[in-house]
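Novice: Pasting a structure here, questions to come.
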Amino acid sequence: MYAQMVDTGLRKLRDAAELSPEERAFQARIDADVKVEPKDWMPEAYRRTLVRQIQQHAHSEIVGMLPEGNWVTRAPSLKRKAILMAKIQDEGGHGLYLYSAAETLGVSRDDLIADLHAGKVKYSSIFNYPTLNWADIGAIGWLVDGAAIMNQIPLCRCSYGPYARAMVRICKEESFHQRQGFDIMIAMAQGTAEQKAMAQDALDRWWWPSLMMFGPPDADSVHSAQSMQWKVKLLSNDELRQRFVDQTVPQAEYLGLAVPDADLKWNAERGHYDFGAIDWSEFHAVLKGNGPCNRDRLRTRVKAWEDGEWVREAAVAHADKRAARAARAA
Amino acid sequence: MTSDAALLDYLLRLADNGLVLAQRLGEWVGKGPVIEEDIASTNVGLDLLGQARLWYAYAGEVEARIKGTGRDEDVFAFRRDAHEFRNLLLVEQPNGHYGDTIARGFLFDQWHVLLLRALAGSTDDRVAAIAAKAAKEATYHAERSADWVVRLGDGTGLSHERMQQAIDGLWMYTGEMFAVDAGEEALAAAGIAADARALKDPWDAAVGAVLAEATLERPADGWMQSGGRTGRHSEHLGHLLATMQFLPRAYPDAKW
Ligand SMILES: [Fe+2]
Ligand SMILES: [Fe+2]
């Protein structure tokens, strides 16, 4: 997902006997669906896992502004331009809520951003793919925001209070984004032959990376079991992926677009779509930094940060001057 | 020029200012100095774009009164060439660094808010209604850009120097805001348009006060560039439009 491979720092699940009394009490509260709040005692591994997960999510919102920002100046109508600007602005807001949620765990936004810029933490692999035609903006809303919702709705019930509450606000906006993206896809799929070709091309390129957003298969997800026990992850990667496929395939059919998977077919017995094997080597390559846009995305973020340094310094210097003047006047 | 023809031209000036400045602010998306600023600056762009759409809608109706049919917002935005755009030269100037963008916004906002407040009293009900709504937004824009001029002007030595250069560099584009041609004069006499000449003193006072607080020098009124409102633009506008208009131009039959 936006946080695809969160390291819990633990090799295996421990059973109750291996837990300290504090840890046992903590787990009992989680099992009883009592929210953990910033001032509550929590195991260090729980805190660190959440910091990693929330910051990956926050960075994804911010880096995710870039592929869409790539089309703001070229949006083909004023209405689409306004919708796109508002959407990207929402994503910036999501980043802010999430950095705030992370800060309740005793880290600072500036430190988290420094980690991102140093390449020490990841953001979602999906944002390392390029937006090459206008239909990509539709496909991102439809598929990427769609996948995000799939993951984030359960997270509204996650065990950490500030994260759960941030998710509630975010989910409302994400569902708007998804509808707006699908609306672009409808216009493109029902448009001229050239527009339809753009829509198909966008689906061809975004389909598999969207499925990868849910993270590695459950069998290979060493950290998922612990995260699920802590309720910072509520459904497994494969479960979410299946839900996404089941929801999205009929939408692609409605659009008259072909999902680029020869093995995709409805399985009446399972009541789900079967789909083809995901190329996990591509996923791992992108996570390692070898996606088409990893280098550009990070460079753009670092440049924005460095170019803005004199502005941030001036704002601080001015605030200091004001405070000093106020102190002298008092 | 009939009064409707003059009004159409006047509405396009208002609309084009908003669209072109919104397009410039769109270039900043995702690249601001801090996330809060990214959001705030996109917000200003969105307001300006929304205002432009209202002005274009009314321009289309006025055009229909003249010709029987009027263009819609997207035809105005995407199917006119640079010489048909009526925006101020100021708003098409490139973003530069953050201080340049702030200075451009500040000089424009201070004028825009005065203009819109005057237009809110227009004898043309549509103009008055759009201006009243836009004036509220512009008031916030003007406060925000003035705030930043003060922060950057009275911030660090480096920011002071950059802010002063930004103001100096854009000053020659401010004269155009207060020039009035025959069509505008007639509209102003009819109470439809605002008399831009009357905005100069209050603008000077407001800009002067902010610059003083920012410890910046007000540049002398030297040579002033003009031509934007008659379609004689700087070289920058053609590039801005080439980017903005690419899709509708490349795929003229498409609906988006
Ligand atoms: Fe988001
Ligand atoms: Fe979104």
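The values are calculated or read from the model by the stated rules, or taken from the named source; none is laboratory data. Values in this document were obtained by computation on a predicted structure and should not be read as measured data. In this analysis, Cβ positions are derived from the backbone assuming ideal geometry, glycine residues included, and neighbour counts consider all displayed protein chains. When the accessible area is computed, the model is the full protein with side chains, heavy atoms only, and any ligands, DNA or RNA have been set aside. Shrake-Rupley method; radii C 1.70, N 1.55, O 1.52, S 1.80 Å.
Novice: Solvent-accessible area of A:Ile278, probe 1.4 Å, all protein chains present, reported in Å² to the nearest ten, please.
Specialist: 20 Å²
Novice: Here are some pairs, A:Lys39/A:Lys87; A:Lys81/B:Lys31; A:Lys321/B:Lys200; A:Lys12/A:Lys265; which of them have Cα atoms lying more than 24 Å apart in this structure?
Specialist: Where the Cα-Cα span goes over 24 Å, the pairs concerned are A:Lys39/A:Lys87; A:Lys321/B:Lys200; A:Lys12/A:Lys265.
Novice: How many nm is it between the label spots at A:Asp307 and A:Ala277, if each spot is 7 Å from the Cα in line with the beta carbon?
Specialist: 4.4 nm
Novice: OK, next. In debye, nearest 20: dipole of chain A around its Cα centre with unit charges on the Cβ of K, R (+) and D, E (-)?
Specialist: The calculated dipole for chain A is roughly 1180 debye.
Novice: Same structure, new question: Pull up all non-local amide H partners of A:His272: gap of 5 or more, or a different chain, and H-to-H distance under 5 Å with H placed in the peptide plane.
Specialist: The list, which skips near neighbours in sequence, is A:Asn267.
Novice: What are the residues of region B:66-114 that lose 30 Å² or more of accessible area, with a 1.4 Å probe, going from their chain alone to all protein chains?
Specialist: Hits at the 30 Å² cut-off: B:Asp74, B:Phe78.
Novice: Within 10 Å of each Cβ of B:163-175, how many other protein chain Cβ atoms are there on average?
Specialist: 0
Novice: Hey, another quick one. On average, how many beta carbons from a partner chain sit within 10 Å of the beta carbon of a residue in B:243-249? Write out the running numbers ahead of the final one.
Specialist: On the way: counts 2, 7, 2, 4, 10, 3, 1.
That works out to 4 on average.
Novice: Label the protein assembly as shown by shape, choosing from rounded, prolate and oblate, from the square roots a ≥ b ≥ c of the eigenvalues of the Cα gyration tensor; if a/c is under 1.5 it is rounded, and otherwise prolate applies when a/b is larger than b/c, oblate when it is not.
Specialist: oblate
Novice: For region B:78-140, what is the largest minus smallest coordinate of the Cα atoms on each principal axis, given in angstrom and ordered from greatest to least?
Specialist: In descending order, the Cα extents are 38, 31, 15 Å.
Novice: Taking a probe of 1.4 angstrom, what is the accessible area of A:Met188 in Å², to the nearest 10?
Specialist: Roughly 0 Å² of A:Met188 is accessible to a 1.4 Å probe.
Novice: Using 7 Å Cα-to-Cβ label points, what is the B:Ala198/B:Lys136 separation (nm, one decimal)?
Specialist: Going by the 7 Å Cα→Cβ label model, 2.4 nm.
Novice: With r as the distance between the Cβ atoms of A:Lys265 and B:Ser226 and R0 = 56 Å, compute the FRET efficiency 1/(1 + (r/R0)^6) and round to 0.05.
Specialist: About 0.25, to the nearest 0.05.
Novice: If you wrap a convex hull around the alpha carbons of region B:177-256, what volume per residue comes out, as a whole number of Å³?
Specialist: Working: hull volume 16.0 nm³, N = 80.
Looking at region B:177-256, the number lands at 199 Å³ per residue.
Novice: If you build a Gaussian network model of chain B, linking Cα atoms that sit under 10 Å apart, which residue out of B:Ala138, B:Ala212, B:Ala166 swings the most?
Specialist: Fluctuation is largest for B:Ala212.
Novice: Could you check which residue among B:Tyr173, B:Tyr56, B:Tyr98 shows the biggest mean-square fluctuation in a GNM of chain B with a 10 Å Cα cutoff?
Specialist: B:Tyr98
Novice: For chain A, what are the DSSP H helices with axial Cα length of 18 Å or more and mean Kyte-Doolittle hydropathy of at least -1.0?
Specialist: A:44-63, A:78-103, A:161-189, A:193-212, A:309-329
Novice: How high is the relative contact order of chain B, in percent, with contacts defined as C-alpha pairs under 8 Å that are six or more residues apart?
Specialist: That works out to 25 percent.
Novice: Using a 1.4 Å probe and counting only protein heavy atoms, arrange A:Ser236, A:Ser281, A:Ser175 so the residue with the most accessible area comes first.
Specialist: Ranked from most to least accessible, the order is A:Ser281, A:Ser175, A:Ser236.
Novice: How many nm is it between the label spots at A:Arg157 and B:Ala189, if each spot is 7 Å from the Cα in line with the beta carbon?
Specialist: Here the answer is 7.3 nm between the modelled labels.
Novice: Right, something else. With a 1.4 Å probe and all protein chains in place, put B:His239, A:His272, A:His117, B:His112 in order of accessible area, largest first.
Specialist: These residues rank, largest area first, as B:His239, A:His272, A:His117, B:His112.
Novice: Go ahead and set up a Gaussian network model of chain A, Cα springs under 10 Å, then flag whichever of A:Gln200, A:Gln190, A:Gln56 fluctuates most.
Specialist: A:Gln190
Novice: Work out, in µm²/s and without decimals, the Stokes-Einstein translational diffusion coefficient of region B:3-250 at 37 °C, 0.692 mPa s, Rh from Kirkwood over C-alpha pairs.
Specialist: Values: Rh = 18.3 Å.
D, rounded to a whole number, is 180 µm²/s.
Novice: Continuing with the same structure: Just add up the charged neighbours of B:Pro33: K/R +1, D/E -1, any other residue whose Cβ is under 15 Å from the Cβ of B:Pro33.
Specialist: Neighbour charge sum, excluding B:Pro33 itself: -3.
Novice: When ligands, DNA and RNA are left out and all protein chains stay put, how many square angstrom of accessible area per residue does region B:3-250 have with a 1.4 Å probe?
Specialist: Numbers: 9130 Å² over 248 residues.
About 37 Å² of surface per residue is accessible.
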